[in-house]
1. Give me a comma-separated list of calculated 3J(HN,Hα) values for region 52-60, in order, Karplus coefficients 6.51, -1.76, 1.60 applied at θ = phi - 60°, integers in Hz, x for any Gly or Pro.
2. Given the peptides 137-145, 124-132, arrange them by the average over their residues of other C-beta atoms within 10 Å, most packed first.
3. On full extension of the chain, what length is gained from LYS247 through THR92, given 0.36 nm per residue of separation minus the C-alpha to C-alpha distance?
4. Please arrange MET300, MET107, MET122 by accessible surface area, largest first, computed with a 1.4 Å probe and ligands excluded.
5. Just order 393-399, 237-243, 315-321, 227-233 by mean Cβ neighbour count inside 10 Å, highest at the front, would you?
6. Could you tell me the accessible area of TRP296 in Å² (1.4 Å probe, neighbours in place), rounded to the nearest ten?
7. Kindly write out, for region 381-388 in residue order, the coupling ³J(HN,Hα) from the Karplus curve 6.51 cos²θ - 1.76 cosθ + 1.60 (θ = phi - 60°), rounded to whole Hz, with x marking Gly and Pro.
8. Treating region 84-126 as a set of equal point scatterers at the Cα positions, no solvent, please give the Debye-formula log₁₀ I(q)/I(0) at q = 0.17, 0.21, 0.23 Å⁻¹.
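The values are calculated or read from the model by the stated rules, or taken from the named source; none is laboratory data. Quantities reported herein were computed from a predicted structural model and do not represent experimental measurements. Because the Cβ atoms are built from the backbone with ideal geometry, glycine has one as well, and the counts that use them run over all protein chains shown. Protein only, heavy atoms only, side chains kept; ligands, DNA and RNA dropped before computing areas. Shrake-Rupley method; radii C 1.70, N 1.55, O 1.52, S 1.80 Å.
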Amino acid sequence: MILQLIKKQLLLLLRNPIQLLMLLVLPIILIVILSTALSGFMQGDNPQLTLKIAWLEQQDETSQVDEFLENMNELDVSSDAFPDKDALHMTTTLREDVFLSEELSSMIELQQIDESEKEKIMEDADYTAIIEVPEDFTLELLQAIAFENNSVPQLELYVNQEHQIGAEVVESIIHNFNEILVMNQFMEVSELPITFEELYNNEVTGEIKHIEQRTPISSQAYYTIGMAVMNALYVASTLGFFAYREKEIHVFDRLIVADMSRWKFFFSVLISGAIVSFLQLLFIFTFSWLVFKITWPSIMSFLTISLFLALAVGGTTVLLTAISYRINSEEIIGFFSGIIVSIFAFLGGSFFPVGELSPLIQQIGNLTPNGASLSAYIQLLQGASLREIASYILVLICFTFLSILLAVISYPKRGSK
């Protein structure tokens, strides 16, 4: 009799092509979209920025440096105190050695302009920023450094608010250059036996050891697992709806009148949910193997995780059925499908690795069936053994037993409405 009931549940699903497509095709569509759109995020790639910067210098810097040296001579400071005159060309250093450096040349296009072009450039949306060097900037800066003045000249920076990230990059570069100047001045005043360049370029001796190394996984693998475990939960709500409809059309009542134990029906719903969920997982992961070439290091471990996840889904199916029968309403099934699954998906990391957001959320997510199975699948792909992921399987087992226990408590007694 139980086999016949299970067969009936499976036939109900096969005769509803819309529900069948939702369970099998929708996760594949989500996998393709998410793995393609968020591949850079998953692999830690940085976006390729192209910054177009205009450089406006109001006065020739060489004349300012010469004027500064003449002023120093008038104060009886020998020119020998400044052996490296090139180092006094502050704005040239910023322009040539920083913005036009080899490291930044791939993303920064710097164009020198004159005053007549300024207004036109400010209206050009292609430019990220305009850096304007005011008159006597270098002269005043050198005087501030030499005489330890607090009055330091400022560069004029005009940024395009539509290029927010690029504008922040330009501001950061100028800020870091200013920190280098301050550090250099501090070292010279303190007469430290090392220059800033030597300190900055000094190699750290030693060896870096990684406590644990795991093989990184691709975005296709992550979202295949994430969507598979999330959509497995929809099996519970789908079969729960079918079971409640049987109560509405009095199929359940006829089974009871025929003196069939309600526990057989209870058990058939549990097994049907597990079977459908297991087949759904196999379908999705077979697709990922054919299309994305995602292979599992251990097929037995993969099947073990899938089996216990399927049983957890079966337990959820029978719990939803029992509660809907007890309250005589399918609202609990709709609430689970619309709200609870979304919460579980977020906590379990189906949309993105929640561990990067908060370790606490990840720990909570690992207590959900989809979160525990996602972590188990990922660690299995990264080379973990079945023993290492046993804790996640234990969570699935506990969740299954808890769901069944609550379902037994909630299941209506014979003769109840």
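1. So the J values, rounded to whole Hz, are 9, 10, 9, 10, 10, 10, 6, 8, 4.
2. Answer by packing, highest mean first, reads 137-145, 124-132.
3. 47.6 nm
4. Accessible-area ranking of MET300, MET107, MET122, largest first: MET300, MET122, MET107.
5. 315-321, 227-233, 237-243, 393-399
6. Per-residue accessible area (TRP296): approximately 30 Å².
7. Values per residue, Gly and Pro as x: 4, 7, x, 6, 8, 4, 5, 6 Hz.
8. -0.64, -0.82, -0.88
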